[in-house]
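Novice: Pasting a structure here, questions to come.
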């Protein structure tokens, strides 16, 4: 994935370079690389390094830590989309004998399974995976710390279980399945389980001195599905495009949208900070912008993948130090810089190719009680229902084959909207999940629950 000097304005490029330069200098990172994605491709790459003349390019591998979890989630959702499992299935149904099989697949994906954050024993990120050869060694004697499904609690062992689930259902190793089903179709040729030259070495930077200590690079064994991968800014840029648009060879656009939707109950502090978790993706509201993606860290490395789907901008930031730059904040800033300096130009308005009379008949003003709503028929084949004032419930709806419509978001997601017709075929009212919408407030000619006072509207006198 190559970039061009013409992809962004000079002022934007300088602002991006300034941001990563500050991050590398103040964070005392041996090196820091970043890429920005827009319009489905990389449009900027930058690098800062402590070694003159050795600026890493977009092909240099860094360890990406927990961004690996998003790849594992993609594999699990492929199994769901193929009908081989359901996200509501308990783990025991497909991977028996773990001792934690009551947790559902969705709960494991969203970190709401109640499992511990870490594996017991020596620090798993800095010791060989051979110390934890079996799932029982990863889980330990007290795997659950919280009630299943009640709260968000980040769990690395939870994603180890998901990796084992993939292996059980596919009958092949997690690494083989990942290579065949994700890396090859998306042409992520520089993403691998073990480092492939050129690859950055991982370093610890002394907190009180400008001195370095090399970090060990361990094979995580059973824990691989939670944090093993190495990748590049170019490959992660392609992966970001996939997470925004989908790719029918891997997952549909509808399924990647599902990944980006909140799926776990947040802690009070997380809710206050606008942070939640989807299916393998972290979600954050920052500076009025919805960001999804994932961060990653392993000894010697920090990584961040940040996506603002509404702005069609994403950023990848990789560095080779154990602590230093807050790469998730850097990624969010890179997205903000591009989105604000060069806002997305909307597609031209285009009319419908054809209009169904029975659909056009629904357009216009409707009332739920005394609340006024507008129903619009849009060129993408959907209808939208939204309040004419205030911040009430709103949603778009997709047509079904039987003349009904299904809500796509918000309060009405999954709810059924149907036009109720009179004997002569004209529309009496809309029924939306039992809510009645009429052409006039409390229309006496429609089937309003509770009826309408026969004396109608009146004054106070």
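Novice: Using the basic label-point model (7 angstrom from Cα toward the beta carbon), what is the residue 146 to residue 249 distance in nanometres?
Specialist: Placing both labels 7 Å along Cα→Cβ, they lie 3.8 nm apart.
Novice: Divide by every residue of the chain the summed helix terms, -39500 (n - 2.57) for each DSSP H run of at least 4, and state the resulting mean residue ellipticity at 222 nm, rounded to the nearest 500 deg cm²/dmol.
Specialist: -7000 deg cm²/dmol
Novice: Quick one: angle between helix 156-170 and the longest Cα principal axis of the chain, in degrees between 0 and 90, rounded to 10, please.
Specialist: 80 degrees
Novice: Then there is this: Using Cα atoms only, what is the angle between the long axis of helix 10-27 and the major principal axis of the chain, expressed in degrees (0 to 90) to the nearest 10?
Specialist: 50 degrees
Novice: May I ask you to derive the relative contact order of region 318-391, considering only C-alpha pairs under 8 Å and at least 6 residues apart, and to give it as an integer percent?
Specialist: Rounded, it is 18 percent for region 318-391.
Novice: Still on this structure, I have one more. Order of 276, 252 from fewest to most other C-beta atoms within 10 Å?
Specialist: Placing the least packed residue first, the sequence is 252, 276.
Novice: Once you keep just the Cα pairs under 8 angstrom separated by 6 or more residues, what percentage relative contact order results for region 10-341?
Specialist: 26 percent
Novice: Another question, then. If each of residue 84 and residue 340 carries a label point 7 Å out from its Cα toward its Cβ, how far apart are those two points in nm?
Specialist: Using points 7 Å along Cα→Cβ, the separation is 4.5 nm.
Novice: Continuing with this model, one more query. Mind running the shape call on region 346-440? Use the C-alpha gyration tensor, a ≥ b ≥ c as the square roots of the eigenvalues: rounded below 1.5 for a/c, prolate if a/b tops b/c, oblate otherwise.
Specialist: rounded
Novice: A further question follows. Could you please rank 167, 181, placing first whichever residue has the fewest other Cβ atoms within 10 Å of its Cβ?
Specialist: Taking fewest neighbouring Cβ atoms as first place, the list is 167, 181.
Novice: If I stretch the segment between residue 380 and residue 209 completely, what's the gain in nm (0.36 nm per residue apart, minus their alpha carbon distance), one decimal?
Specialist: 55.7 nm is the gain from fully extending residue 380 to residue 209.
Novice: What's the angle, to the nearest 10 degrees (0 to 90), between helix 327-341's Cα axis and the longest principal axis of the chain?
Specialist: The angle comes out at about 50 degrees.
Novice: So how do 233, 49, 358 line up by other beta-carbon neighbours within 10 Å, fewest first?
Specialist: Ascending Cβ contact count within 10 Å gives the list 358, 49, 233.
Novice: So what is the relative contact order of region 159-306, in percent, for Cα pairs below 8 Å that sit 6 or more residues apart?
Specialist: 19 percent
Novice: Could you state the number of Å between the C-alpha centres of region 341-367 and region 87-140?
Specialist: 47 Å
Novice: Antiparallel as a % of all DSSP beta bridges within region 10-341, to the nearest 5?
Specialist: Of all bridge pairs located within region 10-341, approximately 95 percent are antiparallel.
Only the coordinates and a few stated rules stand behind these numbers; no lab work does. Since the model is a prediction, treat every value here as computed from it, not as a measurement. Cβ coordinates were reconstructed from backbone atoms using ideal geometry, including for glycine residues, and neighbour counts include every protein chain displayed.
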